[in-house]
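Please treat every number below as a calculation from the coordinates, not as lab data. What you see is a predicted model, and the numbers here were worked out from it, not measured in a lab. All Cβ positions, even for glycine, are placed from backbone atoms using ideal geometry, and neighbour counts span all protein chains on display.
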Amino acid sequence: MTMQAVAVGVMARLKAETAEHHARAEGKALQQKLVRGLLTRGEYAAWLGQMLLVHRALEAAVERSRPRAEVLKVITDEQTHSRRLMEDLAFYGVDAHGVRANRATVRLMARIDAIAAENPVAVLGLHYVLEGSMNGNTYIAMGVRKGLGLSPGQGDRYLDPYGPQQRAKWAEFRSGVDSCAWTVTDSDAAVEGAKAMFEGVGEVCEELGG
């Protein structure tokens, strides 16, 4: 069974089998306030700071895992979002190097490291969640701009990294993932990685006040 080819596309599995986890994460009060543009600048910057630490942990895990997981070749430098988070934090006057991890963020960072060490293929699932969030973030960006009085490109680089190319970039990522050679075991690992990321991000939001 380990070497059995995956009949259903991995991206389809990731979407279907993490739907409940996705819904729980999006249902957090902080996420709802983001969409409605109800966060203050301080609250928004605090969220950006925690997401910076999460992305840094993931990006480090991707680099460590690349030699052991061929599927990670689909993750491009363009999908390295920590640099955009640093730009946004600078816009709000926050020193990115001084950001300290909350307890939930510490747990998620540790979970990312553990998953990467146990099965590097699962890192693709971790990445799927954060890269996929850019689809919804495009709409969140509109709420944040309205709530904070921002113009496009001001303090919203993380939420809207690709601009009008968002759909094309996501389609390219989806195609790249599904074109890789997957076994059932590897597909299972990616799904479990995605579930862990949804749960972890939800906990980060809860600790921030939602």
- prompt: Mind listing which chymotrypsin sites (Phe, Trp or Tyr not before Pro) in the stretch 111-210 are in a DSSP loop and have 16 or fewer other Cβ atoms within 10 Å?
  reply: TYR162
field: Among the listed pairs LYS15/LYS169; LYS28/LYS169; LYS28/LYS73; LYS28/LYS146, those beyond 25 Å (Cα-Cα)
entry: LYS28/LYS169; LYS28/LYS73
- prompt: For the stretch 16-122, which chymotrypsin sites (Phe, Trp or Tyr not before Pro) are in a loop by DSSP, counting at most 10 other Cβ atoms within 10 Å?
  reply: none
task: Compute the signed sum of charges (Lys and Arg +1, Asp and Glu -1) over the other residues within less than 10 Å, Cβ to Cβ, of ARG157.
output: -2
- prompt: Can you work out the base-10 log of I(q)/I(0) for the stretch 56-124 at q = 0.12, 0.17, 0.27 1/Å, using the Debye formula on its C-alpha atoms alone?
  reply: -0.38, -0.71, -1.15
- prompt: How large is ³J(HN,Hα), in whole Hz, for each residue of the stretch 141-152 in order, when computed from phi with the Karplus curve 6.51 cos²θ - 1.76 cosθ + 1.60 and θ = phi - 60°, using x for Gly and Pro?
  reply: 4, 5, x, 5, 4, 5, x, 9, x, 9, 9, x
query: Summing +1 for each Lys or Arg and -1 for each Asp or Glu, what net charge is found among the other residues whose Cβ lies under 15 Å from the Cβ of LEU53?
result: +1
- line: Here the tail fraction of P(r) beyond 20 Å, over all Cα-Cα pairs of the chain, rounds in percent to 56 percent
- request: Put one equal scatterer on each alpha carbon of the stretch 61-101, apply the Debye formula with no solvent term, and list log10 I(q)/I(0) at q = 0.24, 0.35 1/Å to two decimals.
  value: -0.80, -1.15
- prompt: How much space per residue, in cubic angstrom, does the convex hull of the C-alpha atoms of the stretch 1-116 take up?
  reply: 146 Å³
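Under a Cβ-Cβ cut-off of 13 Å, what is the net charge of the residues other than GLY209 that fall near it, where Lys and Arg count +1 and Asp and Glu count -1?
On the way: positive: LYS28, LYS33; negative: GLU43, GLU203, GLU206, GLU207.
Within the 13 Å Cβ shell, the charges total -2.
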- prompt: Do the sum for the chain: with -39,500 (n - 2.57) for every DSSP H run of n ≥ 4, divided by all residues, what is the mean residue ellipticity at 222 nm, to the nearest 500 deg cm²/dmol?
  reply: -22000 deg cm²/dmol
message: Translational diffusion coefficient of the stretch 21-67 at 10 °C, 1.306 mPa s, Stokes-Einstein with Kirkwood Rh over Cα pairs, in µm²/s as a whole number.
response: 128 µm²/s
message: Just to confirm the filter: which trypsin sites (Lys or Arg not before Pro) across the stretch 67-138 are DSSP coil and have at most 12 other Cβ within 10 angstrom of their Cβ?
response: ARG100
